[in-house]
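Step one of this worksheet: look at the structure below.
The values are calculated or read from the model by the stated rules, or taken from the named source; none is laboratory data. Here the structure is a predicted model, which means the values were calculated and not measured. Positions of Cβ are generated from backbone atoms using ideal geometry, with glycine treated the same way; all protein chains shown enter the neighbour counts. Side chains are part of the model used for accessible areas, which takes the heavy atoms of the whole protein and leaves out ligands, DNA and RNA. Shrake-Rupley method; radii C 1.70, N 1.55, O 1.52, S 1.80 Å.
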Amino acid sequence: MTHQTDPDYQQKLAAEARLWGDEARKMAQHIPPDWAHHRHLRHNVIMHAADIDALLACIQPGMKTLELGCASGWLTLAMAERGADATGLDLSDESLQVARDYYHTVRDQISGQVTYQAVDLNYLDLPASTYDVIVVKASLHHLVRLDHVIRNVHQALKPGGLFWAADTAGDEHILSVLIAGAICFVLPTETAYADKLRALLRFGFRAPSRVKASIQADGLSPFEGAGRDHDWVSLISQQFRVEKRVDMPAFTGYVTAQFKASDAVAVPILKVMRVVDSALVKAGLLKNTGVILYARR
């Protein structure tokens, strides 16, 4: 029995689609699915804006681009704003409807064009030698047929085409977990200090494993971490020519998500934290899991 005919897989697939569809709809109620707006979100300011801008600088008018796991479509739309013929694929019809609804309101201002399609990425079947650029952000670790997806991406790119992949690779390392946990114990978060202390006393030596589970978002969705056992960095490196690797900070992303303070207070602190974190990773004193690859067919 294949995954496609497995009732349990289909139930998980439907639950995954509902979860991320709800998330896209709720987010769109507060902020339009557009990079011009999303770039100002705190986690993007601290962790992602420079890397997304570097990717978008690679997009030229007339390129044919594809995003895997596009959610509400803001990155696909950003590529179209650079003049690309951009396609976004996602599992969730509801997420794609959010993307389409917003695109209809701005398409007269977009120099390129956008198409959104619902697809189970585990069974990706792309036309050969079609795309100049394929991007995937934070979706690979959800995929159970990761080797198939990467092979399909390779054959779907034009010779010399760019595959930009950003995700976590492997399990969180204990030192990064301990540092993240300690910082979040000291900084204000949604959890009251009294509750933090009670949890520490209750779980004791098991506390780091709970922080690790929180960092990895274990159990967040039916397929959360399904591809974690697959070494996507090695899979891409075996099939593509990797021209650039970006190693993300080890603990700053998690702290950014937990820190509860105004941007005026939090952003300067987090920017300094990222500099220190990145320096420790570069020096080999900390092991990161977040990786970005620029790979060429």
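If only residues of the range 210-238 that are open to solvent by less than 40 Å² (accessible area, probe 1.4 Å) and at positive phi are counted, the one that is modelled with the highest pLDDT is Ala217.
Scanning the range 1-36 for residues that are of a type in the set (Val, Ile, Thr) and either in contact with a Ser or Thr (Cβ under 6 Å, 6 or more places away or on another chain) or assigned to a loop (DSSP other than H, G, I, E, B) (or both) turns up Thr2, Ile31. Within the range 11-36, the set of residues being aliphatic (A, V, I, L, M) and closer than 13 Å to Ser92 by Cβ comprises Leu13, Ala14, Ala15, Ala17, Leu19, Ala24, Met27, Ala28. Flag: Gln60 matches the condition of being over 15 Å from the mean Cα position of the chain (by Cα), of a type in the set (S, T, N, Q), closer than 16 Å to Met79 by Cβ and surrounded by fewer than 20 Cβ atoms within 10 Å (Cβ to Cβ). When Phe185 is tested against (1) over 27 Å from Ile269 (Cα atoms); (2) touching a Leu at 6+ places or on another chain (Cβ under 9 Å); (3) open to solvent by 20 Å² or more (accessible area, probe 1.4 Å); (4) at pLDDT 95 or above, exactly one condition is not met: (1). When Ala50 is tested against (1) closer than 22 Å to Val291 by Cα; (2) small (Gly, Ala, Ser); (3) touching a Cys at 6+ places or on another chain (Cβ under 9 Å), just one condition goes unmet, and that condition is (3). Mind checking which helices (runs of 4 or more DSSP H) fall wholly inside the range 202-297 and carry at least 1 residues that are free of Cβ contacts under 8 Å to residues at least 12 places away in the same chain? Here the list reads 207-215, 232-239, 263-282.
Please note which strands (runs of 3 or more DSSP E) are completely contained in the range 56-141 and include at least 1 residues that are modelled with pLDDT of 95 or more and over 19 Å from Phe163 (Cα atoms). Counting at least 1 such residues, we get 113-118.
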